[in-house]
Amino acid sequence: MYEYINGNIAIKELDHVALECMGVAYLIYIPFKTYEAMGSLGQVEKLYIHMNVKEDDITLYGFKTTNERKIFKSVIKVSGIGPKIALSILSTFSASEILSIISSENSKLLSTVPGLGIKKAQKLIIELKDKFDIDSEVSDFNIHIIKNEVSMALDSLGYTKVKIEDYITNDEIEKLADSGHIMKEILKKIASKR
């Protein structure tokens with residue numbers, strides 16, 4: 001029913017917030033990663049919403065990104081896993097880390113989430129492995145990490161205004177897959193342009 005709620009932060013606690021929108025404050029449960037990414041009381045905040053409806057209760061869950069919400073919705077579809085554990089997973093790991101854990105089938109790491117345990121972690125990985133284009137998303141995450149490393153290295157050499165995208169494509173980054181090699185390529189291209 002709700003795509004997102006945009007409003008002033010009226011209450012901000014570790015596991016829930018209230019966003020005030022046109023005189024109405026919506027109580028929204030959140031993972032800790034969302035809490036960390038939010039502004040402070042009185043600031044305007046936008047959260048992507050999942051509404052959980054039961055016979056006697058309607059609960060709103062909020063996330064900073066649609067990716068986090070997508071993971072949450074997929075997790076709660078697995079039998080035996082409720083919203084509380086799903087929030088716990090998203091409080092412990094970022095969306096990218098969760099996709100990486102699923103991709104590498106690291107049930108031991110996933111089982112460190114409070115309330116999950118090894119059997120539920122294994123079940124989750126089996127059921128979620130086909131739900132996401134994991135290779136693509138993990139690949140994007142890895143490219144992002146490499147770009148950050150290269151950007152910091154270029155800054156330290158005094159190339160503060162260099163845009164990595166002007167010198168190398170994501171496909172090239174994926175092929176080289178090593179920040180040292182990528183750095184050499186970029187420096188070669190910078191030298192040839194001078």
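The values are calculated or read from the model by the stated rules, or taken from the named source; none is laboratory data. Because the structure is a prediction, the values reported are computed rather than measured. Here the Cβ is made from the backbone with ideal geometry for all residues, glycine too, and neighbour counts use every protein chain on show. Side chains are part of the model used for accessible areas, which takes the heavy atoms of the whole protein and leaves out ligands, DNA and RNA. Shrake-Rupley method; radii C 1.70, N 1.55, O 1.52, S 1.80 Å.
According to the Cα-based calculation, Rg over Rh for the stretch 1-116 is 0.98, with Rh computed by the Kirkwood formula. Other residues whose C-beta falls under 9 angstrom from the C-beta of residue 38 contribute a net charge of 0, scoring Lys and Arg +1 and Asp and Glu -1. Here each label is just a point 7 Å from Cα along the line to Cβ, and for residue 171 and residue 152 those points are 3.0 nm apart.
Please work out the FRET efficiency for the pair residue 189 and residue 65, using the Cβ-Cβ distance as r and a Förster radius of 35 Å; give the result to the nearest 0.05. So the FRET efficiency works out to roughly 0.60.
Of all the options 109, 87, 47, the one that moves most in a Gaussian network model of the chain with Cα springs shorter than 10 angstrom is 109. Think of the chain as a dipole: +1 on every Lys or Arg Cβ, -1 on every Asp or Glu Cβ, centred on the Cα centre; then among 146, 5, 191, 191 lies furthest on the positive end.
Overall shape of the chain was characterised from the C-alpha gyration tensor. The equivalent ellipsoid obtained from it has semi-axes of 37, 24, 13 Å, in decreasing order.
Taking a span of 20 Å or more along the helix axis (Cα atoms) and a mean Kyte-Doolittle hydropathy of at least -0.5 as the rule, the DSSP H helices of the chain that qualify are 134-156, 179-193.
Residues of the stretch 97-123 with amide nitrogen under 13 Å from the 7 Å Cα-to-Cβ point of residue 36? Only 97-98 fall inside the zone, counting backbone N under 13 Å. Between residue 163 and residue 21, the modelled label-to-label distance comes to 3.4 nm, taking each label 7 Å out from Cα in the direction of the beta carbon.
Note on surface exposure: 167, 4 rank 4, 167 by accessible area, highest first, 1.4 Å probe.
Taking amide H as placed 1.01 Å from N in the peptide plane, residue 4 has its amide H under 5 Å from the amide H of 49, each at least 5 places away in sequence or on another chain. Of the trypsin sites (Lys or Arg not before Pro) found in the stretch 54-102, those that fall in a DSSP loop while having at most 16 other beta-carbon atoms within 10 Å are 77.
Given +1 at the Cβ of Lys and Arg, -1 at the Cβ of Asp and Glu and no other charges, the dipole of the chain around its Cα centre is 300 debye to the nearest 20.
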